[in-house]
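The values are calculated or read from the model by the stated rules, or taken from the named source; none is laboratory data. None of the values given here were measured: they were computed from a predicted structure. Methodologically, a virtual Cβ is constructed for each residue, glycine included, from the backbone with ideal geometry; neighbour enumeration extends over all protein chains shown.
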Amino acid sequence: MTVLGLGAMGRALAEAALAAGHPTIVWNRSAGKADDLVARGAVRAATVTEAVRAAPVVIACVLDYPVLRDLLTPAAGELAGRALVNLTNGTPDDARRTGEWVAGHGGDYLDGGIMAVPQMIGRPGALILYSGSREVFDRHRAVLDVLAESDHLGADAGLAALYDLAMLGGMYGMFAGARHAAALVATVGGDPVRFVEQRLVPWLTALLPVLPSTAEADDPADSSVAMQRVAIANIIRASREQGLSGDLLAHLLAPIAPPADPRITEDVLRLADRTAG
Ligand code: FVH
């Protein structure tokens, strides 16, 4: 297989391919990043065109879609009869447009969302979500499986990006909430790391079983939107009293206010602006 892009993730992908004994061709803008991979048996391509021509499966993992398109445009004539497996982060429409562009040049396209950090690649626990033709996925499955567990979501090329971004959104929400909580505790002299370890992690762990039920309930009876609106406004007010901003939290109810209504954000902020008498 060919790997285009040897950043932290591309290197991990190439290393997993090499470790599994696959002939591996690599290309990176900063060519020196390939040196140790070449020492371990990878073949360095001088250009993207040469790299694409060298293998039936081309894995792309670069910074973003504009970079990807700039790199692939001069090599478009080599895509016919090959599969481009694009693991670059982007939106569902980015993925669909790229799939159409590749098909227009006679190539196959799979889009992928990597649910792992580089050190997990090639090890149990790493997952890559794929979308695009099932037949293309099945044809190249054995190669893809050396990178991570492979899960095909459907024929719509945009599905993997959508699920990937949804999962990353959940992750960033959790990280942002944890950082805010730790900062709030630090304002009264609490140790933020100990607080997260000893209080927040057990609290969130205890809540995990109810997480699925929060996904579709517009106005759950046991934690109504009306109640949450007041609680979130109080977190924002407490943050402000302690010299922090908690305004980020005002946006949390917008996706679930029935029907999804961004005015709930302004309403929560208005409530937070009211000082207790
Ligand atoms: N690293 C991670 O934890 C996440 C896990 C989930 C998936 N992401 C996505 O993977 C894509 C690549 O991420 P990365 O971690 O490898 O990123 P970097 O280490 O910053 O490497 C970036 C590569 O892109 C090349 N590049 C950047 N700009 C250009 C350009 N103008 N022309 C050609 N290549 C370019 C860069 O080349 P170089 O700087 O080494 O020469 C690297 O190969 C990304 O979509 C993540 O969201 C990773």
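Report, by residue number, each residue of segment 61-94 that is near the ligand (Cβ under 9 Å from one of its atoms), within 19 Å of Leu159 (Cβ to Cβ) and not hydroxyl-bearing (Ser, Thr, Tyr). Walk me through it before giving the result.
First pass over segment 61-94, keeping only residues near the ligand (Cβ under 9 Å from one of its atoms): 61-68, 70-71, 87-90.
Among the residues that remain, those that are also within 19 Å of Leu159 (Cβ to Cβ) are: 61, 65, 68, 87-90.
Cys61, Leu68, Leu87, Asn89, Gly90, listed by residue number.
Do we find that Asp156 is assigned to a loop (DSSP other than H, G, I, E, B) and modelled with pLDDT under 95 in this structure?
Details: assigned to a loop (DSSP other than H, G, I, E, B): yes; modelled with pLDDT under 95: no.
Criteria not met by Asp156.
Can you name the residue in segment 1-18 that is under 16 Å from Ala46 (Cα atoms) and more than 10 Å from the ligand (Cβ to nearest atom) and is also surrounded by the most Cβ atoms within 10 Å (Cβ to Cβ) among such residues? Before you say what the answer is, go through the steps one by one.
The initial filter retains those residues of segment 1-18 that are under 16 Å from Ala46 (Cα atoms), namely 1-6.
So of that shortlist, the ones also more than 10 Å from the ligand (Cβ to nearest atom) come out as 1-2.
Working: Met1: 24, Thr2: 27.
Once the filter is applied, the top-ranked residue is Thr2.
Quick check on segment 19-53: of everything there that is away from the ligand (no atom under 12 Å from the Cβ), surrounded by 19 or more Cβ atoms within 10 Å (Cβ to Cβ) and among the hydrophobic types (A, V, I, L, M, F, W, C), which residue is nearest to Leu79 (Cα to Cα)?
Among those that are away from the ligand (no atom under 12 Å from the Cβ), surrounded by 19 or more Cβ atoms within 10 Å (Cβ to Cβ) and among the hydrophobic types (A, V, I, L, M, F, W, C), it is Val52.
Which one of these is over 28 Å from Ser131 (Cα atoms), outside the structural domain of Leu253 (by TED's automatic domain parsing) and either among the β-branched types (Val, Ile, Thr) or in contact with an Asp or Glu (Cβ under 6 Å, 6 or more places away or on another chain) (or both): Val185, Val230?
Working: Val230 fails: outside the structural domain of Leu253 (by TED's automatic domain parsing).
Going through Val185, Val230 in turn, just one is over 28 Å from Ser131 (Cα atoms), outside the structural domain of Leu253 (by TED's automatic domain parsing) and either among the β-branched types (Val, Ile, Thr) or in contact with an Asp or Glu (Cβ under 6 Å, 6 or more places away or on another chain) (or both): Val185.
So which residues in segment 91-109 are in contact (Cβ under 8 Å) with a residue 40 or more places away in the chain and buried (at least 19 other Cβ atoms within 10 Å of the Cβ)?
Here is the first cut: in segment 91-109, the residues in contact (Cβ under 8 Å) with a residue 40 or more places away in the chain are 91-96, 98-99, 109.
Result: Pro92, Asp94, Ala95, Arg96, Thr98, Gly99, Tyr109.
Check whether at least one residue in segment 167-175 is in the same structural domain as Gly81 (by TED's automatic domain parsing) and within 16 Å of the ligand (Cβ to nearest atom), and report yes or no. Let's see the steps before the verdict.
At the first step, the residues of segment 167-175 found to be in the same structural domain as Gly81 (by TED's automatic domain parsing) are none.
For segment 167-175, residues in the same structural domain as Gly81 (by TED's automatic domain parsing) and within 16 Å of the ligand (Cβ to nearest atom): absent.
Hey, among Ile121, Ile114, which residue is touching a Cys at 6+ places or on another chain (Cβ under 9 Å) and either surrounded by fewer than 23 Cβ atoms within 10 Å (Cβ to Cβ) or of a type in the set (A, V, I, L, M, F, W, C) (or both)?
Numbers: Ile121 fails: touching a Cys at 6+ places or on another chain (Cβ under 9 Å).
Among Ile121, Ile114, only Ile114 is touching a Cys at 6+ places or on another chain (Cβ under 9 Å) and either surrounded by fewer than 23 Cβ atoms within 10 Å (Cβ to Cβ) or of a type in the set (A, V, I, L, M, F, W, C) (or both).
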